[in-house]
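These notes are about the structure you will find just below.
The values are calculated or read from the model by the stated rules, or taken from the named source; none is laboratory data. Note that this is a predicted model, so its numbers are computed, not measured. Please note: Cβ atoms are built from the backbone with ideal geometry, for glycine as well, and neighbour counts cover all protein chains shown.
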Amino acid sequence: MHKVLFIFIFLFCSKYLFSQETYIKFQHSNAIIVGKKVDILFEVSKRNKVKVFVKKNRSREYSSKISKKRFDKIYSAILKIKNDTISVKNNLIDGSFTTITLNDSLGSKKKYHASGLNSKSQSSASQKDFWYATKLIIVSSGLEMEDLIDYK
């Protein structure tokens, strides 16, 4: 009886102690414009519900929900980003900087970076996948691409 109880407690505790959260974190900012940034966090709950937390320019904060299907579309788009193709497209003085962090349920974390993201990035060979993932993230969070700093 003690062995069964021990095994049950061990399995129960290990599930909660070692399980990782699945999330997507998006950060966009410009070093020269203090206080102007966009932070978006997509969190998947244990019941497969996705909450979106948005913080824009220190003052505007809100949360919403999206479908798991929409989250999976964003997740897949991020996985299509090639690690070796993200680069600085143009030489910019204090251009914007964007980071997408992907964390899966196994604790595997991937980070993608792009500098100088703008409307021309959608046709750029080195930034088009990153731009597409960014577009999905921005639209799903209730923002527009023009809300990003330096986006023209």
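General remarks:
- Residue satisfying condition, being farther than 16 Å from Thr101 by Cβ, within 16 Å of the chain's Cα centre (by Cα) and either outside any loop (DSSP other than H, G, I, E, B) or at pLDDT below 75 (or both), within set Lys3, Lys51: Lys51
- Any hit, the stretch 132-141, residues being modelled with pLDDT of 90 or more and in a loop (DSSP other than H, G, I, E, B): yes
- Hey, Lys46 loosely packed, with under 12 Cβ neighbours inside 10 Å and modelled with pLDDT of 90 or more or not: no
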